[in-house]
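S.K.: Please see the structure below; I have some questions.
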Amino acid sequence: MAAAVAISSTVKYGIIGVGMMGREHLINLHHLRTEGVAVVAIADPHVPSQDLALQLAQSFNWPLKVFSGHRELLESGLCDVLVVSTPNMTHYEILMDIINHPKPHHVLVEKPLCTTVAHCKEVVNAARKRQDILVQVGLEYRYMPPVAKLIEIVKGGNLGQVKMVAIREHRFPFLVKVNNWNRFNVNSGGTLVEKCCHFFDLMRLFAGANPVRVMASGAIDVNHKDEIYDGKVPDIIDNAYVIVEFDNGSRGMLDLCMFAEGSKNEQEISVVGDTGKGEAFVPESIVRFGTREKGRDGVHTLKAEDDRIKYDGLHHGSSYLEHLNFLSAVRAKGGQAPAVGLQDGLISVAIGVAAQLSIEKGRFVPIAEVMD
């Protein structure tokens, strides 16, 4: 892929959507300023979000041009790179506008890529025609130091052929977002798309294979049941079990609970191969791995750290490393593909959509069913 965006010595960023995650990106990019980056523009129709972003930028001595919409930002020609961190249901329209704009812009888009498989596929197909831009999907859990270390252990063959991947996320409920958009499936794609595309992406990465079919059970049991917005009660599930079968015979399982604040770790990941087992714990940042041959006494325990991280932020430094990686791809001018591409984003959404459908229908859902 030939990246044709004209990059000066300073890479100029624009952030589309400066709610909580957009401002998180702004702070991460500030900590990357020594790498030659600057945020020069933002776009958001929500004035309180604009004001909070401006306050941050002023504290960084970064003058910002403020736009109420992404199209005005695009037309300004101010930016080399765009970060899309708007509500999920807006990703499709914004991405299509960016990809089809005459001026090329590299893009880092927050997960999920889009809320439907059909929209994801349209974005993928449109981007294939633009060999002059890079698009990376914000599946930043890959960069969390303990997860990255476990990926390294697995890819190094230390566990043999991966057979089972189990991921537990026990955490707090969804946070309040602007206009409470994340309380409804139609906006977010559903909990298993909105939140869990991260984990389906990791399962696929650990398994080294593509998904074949999905079975899930989930419900709304505790959270948001007493909330009403414009006369409507939220319909997002707050707990689920999901089983994913892959085309190499391996299987993945997700155990999700969003009313489990009383947990030492928010994420626990177990990967078992035919010769060994590895585990990662977040936020403890502990990794354990051992072999069948050496047994319990041979299990190694280490603290996973990454000295490159200058800002931990909301995701234990993974967003900082994500930006560092993407900046490297941008500067490579076509010599380096994004680490997390559009196909990764598409498949992670497809698994989530299949899981949501499985809960609705009470049956296994083939990935081919949602891809078609």
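S.K.: Among the listed residues ASP255, ASP221, which satisfies the condition of being acidic (Asp, Glu), loosely packed, with under 14 Cβ neighbours inside 10 Å and assigned by TED's automatic domain parsing to the domain that holds ALA355? Talk me through it step by step, then tell me what you get.
M.R.: Details: ASP255 fails: loosely packed, with under 14 Cβ neighbours inside 10 Å.
Of ASP255, ASP221, the one residue that is acidic (Asp, Glu), loosely packed, with under 14 Cβ neighbours inside 10 Å and assigned by TED's automatic domain parsing to the domain that holds ALA355 is ASP221.
S.K.: Scan region 209-226 for residues that are out of contact with any helix residue (DSSP H, G or I) (no Cβ under 7 Å at 6 or more places or on another chain) and within 25 Å of ASN180 (Cα to Cα) and jot them down.
M.R.: Hits for region 209-226 are ALA219, ILE220, ASP221, VAL222, ASN223, LYS225, ASP226.
S.K.: Still on this structure, please answer the following. Report, by residue number, each residue of region 115-130 that is outside any helix (DSSP H, G or I) and within 12 Å of ASN100 (Cα to Cα). Can you show your working first?
M.R.: Of all residues in region 115-130, those outside any helix (DSSP H, G or I) come to 115-116, 129-130.
Answer for region 115-130, where residues must be outside any helix (DSSP H, G or I) and within 12 Å of ASN100 (Cα to Cα): LYS129, ARG130.
S.K.: Working only within region 320-340, note down all residues that are under 19 Å from LYS310 (Cβ atoms) and polar (S, T, N, Q).
M.R.: ASN325, SER328
S.K.: Now, a different point. Output the helices (runs of 4 or more DSSP H) that fall wholly within region 13-114 and possess 3 or more residues being out of contact with any Ser or Thr (no Cβ under 6 Å at 6 or more places or on another chain) and farther than 28 Å from ARG308 by Cα, or say none.
M.R.: Working: elements: 20-31, 47-59, 70-76, 91-99.
Correct list: 47-59, 70-76, 91-99.
S.K.: Oh, and also: What residue, of ILE42, ILE99, is crowded, with 23+ Cβ neighbours inside 10 Å and either under 21 Å from ASN180 (Cβ atoms) or in contact with a helix residue (DSSP H, G or I) (Cβ under 7 Å, 6 or more places away or on another chain) (or both)? Write out each step before concluding.
M.R.: On the way: ILE99 fails: crowded, with 23+ Cβ neighbours inside 10 Å.
Going through ILE42, ILE99 in turn, just one is crowded, with 23+ Cβ neighbours inside 10 Å and either under 21 Å from ASN180 (Cβ atoms) or in contact with a helix residue (DSSP H, G or I) (Cβ under 7 Å, 6 or more places away or on another chain) (or both): ILE42.
S.K.: For region 323-340, does any single residue satisfy the condition of being outside any loop (DSSP other than H, G, I, E, B), touching a residue at least 60 places away in the same chain (Cβ under 8 Å) and in contact with a Ser or Thr (Cβ under 6 Å, 6 or more places away or on another chain)?
M.R.: So far as region 323-340 goes, no, none of its residues is outside any loop (DSSP other than H, G, I, E, B), touching a residue at least 60 places away in the same chain (Cβ under 8 Å) and in contact with a Ser or Thr (Cβ under 6 Å, 6 or more places away or on another chain).
S.K.: Another question, then. Within region 147-174, how many residues are touching a residue at least 40 places away in the same chain (Cβ under 8 Å) and among the small types (Gly, Ala, Ser)?
M.R.: Residues that pass the stated criteria total 3.
S.K.: Further question on the same structure: I need the helices (runs of 4 or more DSSP H) fully contained in region 134-231, keeping only those with at least 3 residues that are touching a Lys or Arg at 6+ places or on another chain (Cβ under 8 Å) and within 21 Å of GLU266 (Cα to Cα).
M.R.: Values: elements: 145-155, 185-188, 191-194, 197-207.
Per the criteria, 197-207.
The values are calculated or read from the model by the stated rules, or taken from the named source; none is laboratory data. Just so we're clear, the structure is a prediction, and the values are computed from it rather than from any experiment. All Cβ positions, glycine included, derive from the backbone under ideal geometry; neighbour counts span all protein chains shown.
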